[in-house]
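The values are calculated or read from the model by the stated rules, or taken from the named source; none is laboratory data. Note that this is a predicted model, so its numbers are computed, not measured. For neighbour counting, all protein chains shown are included, and Cβ atoms are generated from backbone atoms with ideal geometry for every residue, glycine included. Only protein heavy atoms, including side chains, enter the accessible area calculation; ligands, DNA and RNA are left aside. Shrake-Rupley method; radii C 1.70, N 1.55, O 1.52, S 1.80 Å.
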Amino acid sequence: MTYETNTIYVSIGKELTKEHIKLSQKIPKSSILVHIALPGFNWNKTYSKKIMIIDARLGDREASAIIAQYMLDNKLNRMCGYYHSEAEKEWLHDKFIPQCRSLFWISLATSMTFAPKYVLNSIKNLKYIRKSPNVSEFKDKASGLPAIVVGSGPSLNKNIKVLKELQGNA
C-alpha cells in the first residue's frame, strides 16, 4: 500500500489497535493519524506524536473543526478514512470527512478574507498594546480566586446568560 504525503488518516473506535500503530509508523512524516476516541478509550497510554487523539464526546462538529484547523496550520491537503467495519466506513466517508473538508474551506476563506483586516487592526492597536500590561504581570495576582476568561466568537452569544449569572462571583 502507498501512503500519501500531507494527508490526515482518520479512524474511530474505543482503542488504537496494532494496525493503527503500524499505520502511524508507515505514513510519511508530513502525514498524521487522527483517531476519534469513543467512550471507553484508555487515555492512560502514551502514543506516538504522529497520532492525534480527539475525544468523541466533543461532538462531530468540534472534532471536525480541530482537524480543519490542523490541516490549515500544517498545510495538509488530503483526508482518508482508516476503518475496520462498514459502520465506521459509512460514518467516516459519508459524514465526518465531508464535514471536516467543509470546515477547512470555510476556515481558509475566512482567513483569506479577514487577514488584511486583522493586520490593519493589529497595527492600529499597537499604541494601546505597548501601554497595556503584559498578561504575565497578572500571574499569581489572583491565586486561588475563580476566574472566567472570555473571548469574542459564536460561543459568547450562547454563553452570555451563564456569564450574567456568574457576574460578581469570579
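Between helix 60-74 and the chain there is an angle of about 90 degrees, using the helix long axis and the longest principal axis of the Cα atoms. Taking a Cβ cut-off of under 13 Å around residue 154, the surrounding Lys, Arg, Asp and Glu residues balance to a net charge of +1, with basic ones at +1 and acidic ones at -1.
Accessible area per residue was computed with a 1.4 Å probe on protein heavy atoms; residue 161 scores about 140 Å². Between 0 and 90 degrees, the angle of helix 154-166 with respect to the longest Cα principal axis of the chain falls at about 50 degrees. Students often get this wrong, so check it: of 14/158; 22/89; 26/75; 131/164; 45/75, which have C-alpha atoms separated by over 23 Å? Among 14/158; 22/89; 26/75; 131/164; 45/75, the Cα-Cα distance tops 23 Å for 14/158; 131/164; 45/75. Here r is the Cβ-Cβ distance between residue 80 and residue 106 and R0 is 30 Å; the resulting FRET efficiency, rounded to 0.05, is 0.90. For residue 15, the shell of other residues with beta-carbons less than 15 Å away shows a net charge of +1, using +1 for Lys and Arg and -1 for Asp and Glu.
In a reduced charge model with +1 at each Lys and Arg Cβ and -1 at each Asp and Glu Cβ, the chain shows a dipole moment near 740 debye about its Cα centre.
For 110, 46, 2, give the ranking by accessible area with the largest first, probe 1.4 Å.
Most to least solvent-accessible, the answer reads 46, 2, 110.
Rounded, prolate or oblate: which one fits region 76-153, using the alpha carbon gyration tensor with axes a ≥ b ≥ c (rounded when a/c is under 1.5, else prolate when a/b beats b/c, else oblate)? Oblate, because a/c is 1.5 or more while a/b does not exceed b/c.
Once all protein chains are placed together, residue 35 keeps about 0 Å² accessible to a 1.4 angstrom probe.
Sites listed here are GluC sites (Glu not before Pro) in region 1-67 whose DSSP assignment is loop and whose Cβ has at most 10 other Cβ atoms within 10 Å, and the list is empty. Compute the acute angle (0 to 90°) between the alpha-carbon long axis of helix 97-124 and the principal axis of greatest extent of the alpha-carbon atoms of the chain; round to the nearest 10°. Here the helix axis deviates by roughly 30 degrees. How large is log10 of I(q)/I(0) for region 33-170 at q = 0.12, 0.13, 0.18, 0.19 Å⁻¹ when the intensity is taken from the Debye formula with one equal scatterer per alpha-carbon? Reported log10 I(q)/I(0), two decimals: -0.80, -0.91, -1.19, -1.21.
Each stretch of four or more DSSP H residues adds -39500 (n - 2.57); spread over every residue of the chain, this sum gives -14500 deg cm²/dmol at 222 nm.
Of 148, 54, 67, the residue with the greatest mean-square motion in the GNM of the chain, using alpha carbon springs below 10 Å, is 148.
GNM on the chain, alpha-carbon springs under 10 angstrom: the most fluctuating residue among 123, 97, 27 is 123.
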